[in-house]
Amino acid sequence: MISYFIYTIISLGCSYAVYVLLLRKQKTFQFNRFFLIGSLLLCLVAPFMEIELFKAVPSITEIPLEKFTASVVETQPIEDVTFDEAQQVDHSQKSPFFYVYIIITLFFLFRFLKNLFKIYGLTRNEYEYNGKLKVIKSADSDMVSSFFNYMFIPKEHTLSREDYESIIAHETVHSEELHSVDIILLELLSCIFWFNPFIWLYKKSTLQNHEFRADEKSVSSGIDIENYSNTIINLGQKEYRVPLTSGFNFIHIKNRIIMLHQSKSSVFKRTLNIISVSLLLAGIFVLSSYKDLKEPLVVVIDAGHGGHDSGNLDEKNIVLNISNQLSLLSSDNIRIITTRTEDTFFTLQERVDFINAQNADLVVSLHANAHSNPLTNGVEAYYNDKDEFKDKSYAFGKILLENQMEFFSTNRGLKTVPMYIFRHINSPGVFLELGFITNEEDHKVLMNADRQKQIAASIFEGLEEIRKSN
């Protein structure tokens, strides 16, 4: 989640810089409005939308499902065996910053709801129509403001006819163009992303743009620009307004007067700016989307056998070396946890207890096969088809098998077997037989240290593919 916060700060900062440099001084108010709201939403959503620019996920051929009927021997427990050397991960602990974030967010949400109910209470007062606006005289504000089609005027405020006409025209624009929707959205986002400084800059710029747009349309409706400017000056020095509303005199007077009298740029320059801004925003969106922000895939690698249980020939050491190489590849995206890091024996039940304590997304049990016929070779995998995880175990097993075909000449398929570990773990599981140690070619691969690293890397690549498909 911290990564997401960092990416949104960077992307919002870049898009806001684009606005300041290319759009803020242009009289393209409608485009500016949609740029501000659109870029804000895109930058917040983009990290969750993965866009693969350089990789294509390879298709995976169907692997025939075979039945495996061989019995499995379960080793009896040995006393006084502990997991002191195994890696433990506690997923339940929360950072203190998380609770600070929640408290501050709840405070802002409470304030937002309080202001919303305050406006609702004001709308219950008597009103009179002026065009589409419901005009309400209020003692709660020194400023003229509006919320959707409700317009609030101070009770004790005396307005000239010219000022009143300017205000009505101005607030009508706010109402017709639904500027209140932008304000509510920005308030909600600032409640959630209060730590992001660019949210507050976006909020300020959007409110300013609302006023520029309302000023422009008011003058375009036929109101004299000098009279309108005088109204802005006369009503601009007030202290308090109704929260969550649009208002005639909220934004700095100087900025509004300058923008009101500023000439529009040429059509060519406006078009060029809009195209440039659109391209830059698209670039920011793609870069923000490219970063993978999914939750990490937690994988337990169980190196079979160990200690007095050697497995097939040198099997316990082969799979331990591969397991240790996999642990070195552990990353923020794929978290590798190993059941053993040394030549230690653990019972099946101890393995199950350890695995279930990790809240894993997948368990991969590593083994090396053996056969009385030295010509028998290749990789195969097993899974339990009798539990709730059978579909995921099957899909994950296919991916892991396919990724081993660079090192082994035969794919012996994905098979089912009711192994003890897979019948008792609380996650999908794959039992991976990495070749036949009794076959000359497979033996050369399994005993070679460089090949062991490559096998670990190929398993990790399979895990990356699993994470993307999950």
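The values are calculated or read from the model by the stated rules, or taken from the named source; none is laboratory data. For clarity, every value in this text was computed on a predicted model and none was experimentally measured. Every residue, glycine as well, gets a Cβ built from its backbone with ideal geometry; the counts of neighbours run over all protein chains shown. Just the protein is used for accessible areas: all its heavy atoms, side chains included, with ligands, DNA and RNA removed. Shrake-Rupley method; radii C 1.70, N 1.55, O 1.52, S 1.80 Å.
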Worksheet item: Restricting attention to region 326-338, does a residue exist that is under 18 Å from residue 422 (Cα atoms), at pLDDT below 95 and among the basic types (Lys, Arg)?
Response: no
Worksheet, complete the sentence: Among (1) of a type outside the set (A, V, I, L, M); (2) touching a Phe, Trp or Tyr at 6+ places or on another chain (Cβ under 8 Å); (3) at pLDDT below 90; (4) surrounded by fewer than 20 Cβ atoms within 10 Å (Cβ to Cβ), residue 191 falls short only on (3)
Discussion item. Exactly one of these conditions fails for residue 434: (1) of a type outside the set (Asp, Glu); (2) closer than 16 Å to residue 298 by Cβ; (3) touching a helix residue (DSSP H, G or I) at 6+ places or on another chain (Cβ under 8 Å). Give me its number.
Written reply: (2)
Discussion item. Anything in region 302-318 that is farther than 13 Å from residue 370 by Cβ and open to solvent by less than 30 Å² (accessible area, probe 1.4 Å)? List them, or say none.
Written reply: 302, 303, 306, 307
Item to complete: Would you point out the residue of region 337-353, among those that are outside any loop (DSSP other than H, G, I, E, B) and in contact (Cβ under 8 Å) with a residue 60 or more places away in the chain, that is nearest to residue 449 (Cα to Cα)?
Response: 338
Practice prompt. Only residues that are touching a residue at least 40 places away in the same chain (Cβ under 8 Å) and either within 24 Å of the chain's Cα centre (by Cα) or open to solvent by less than 10 Å² (accessible area, probe 1.4 Å) (or both): list them for region 319-335, please.
Written response: 319, 322, 323, 326, 329, 332, 333, 334, 335
Discussion item. I'm trying to understand the selection: among the residues of region 392-407, which are in contact with a strand residue (DSSP E or B) (Cβ under 9 Å, 6 or more places away or on another chain), closer than 12 Å to residue 461 by Cβ and among the charged types (D, E, K, R)?
Written reply: 402
Practice prompt. Only strands (runs of 3 or more DSSP E) wholly contained in region 106-184 count here; list those with 1 or more residues that are over 19 Å from residue 217 (Cα atoms) and touching a residue at least 12 places away in the same chain (Cβ under 8 Å).
Written response: 133-138, 150-154
Worksheet item: Quick check, is residue 458 open to solvent by less than 20 Å² (accessible area, probe 1.4 Å), free of Cβ contacts under 8 Å to residues at least 60 places away in the same chain and among the polar types (S, T, N, Q)?
Response: yes
Worksheet item: Which residue pairs have Cβ atoms under 8 Å apart, sit 6 or more places apart or on different chains, and have a first residue in region 199-222 that is touching a residue at least 12 places away in the same chain (Cβ under 8 Å) and a second that is part of a helix (DSSP H, G or I) and basic (Lys, Arg)?
Response: 206/33; 209/33; 210/33; 211/256; 212/256; 213/33; 215/256
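To keep it simple, each residue is scored yes or no on (1) touching a residue at least 40 places away in the same chain (Cβ under 8 Å); (2) surrounded by 24 or more Cβ atoms within 10 Å (Cβ to Cβ); (3) aromatic (Phe, Trp, Tyr).
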residue	(1), (2), (3)
361	yes, no, no
364	yes, yes, no
368	yes, yes, no
375	yes, no, no
386	no, no, no
407	yes, no, yes
415	yes, no, no
426	yes, no, no
437	yes, no, no
Practice prompt. Output yes when any residue across region 379-396 is within 16 Å of residue 436 (Cα to Cα) and touching a helix residue (DSSP H, G or I) at 6+ places or on another chain (Cβ under 7 Å), and no when none is.
Written response: yes
Worksheet entry | Tally of residues being open to solvent by less than 50 Å² (accessible area, probe 1.4 Å) and within 32 Å of the chain's Cα centre (by Cα) across region 103-152 | 4
Worksheet item: Within region 439-455, can you find the residues that are open to solvent by 10 Å² or more (accessible area, probe 1.4 Å) and not basic (Lys, Arg)?
Response: 439, 440, 441, 443, 445, 447, 448, 449, 450, 452, 454
Practice prompt. List the number of the failed condition for residue 186; all other conditions in (1) hydrophobic (A, V, I, L, M, F, W, C); (2) open to solvent by 30 Å² or more (accessible area, probe 1.4 Å); (3) closer than 24 Å to residue 31 by Cβ hold.
Written response: (2)
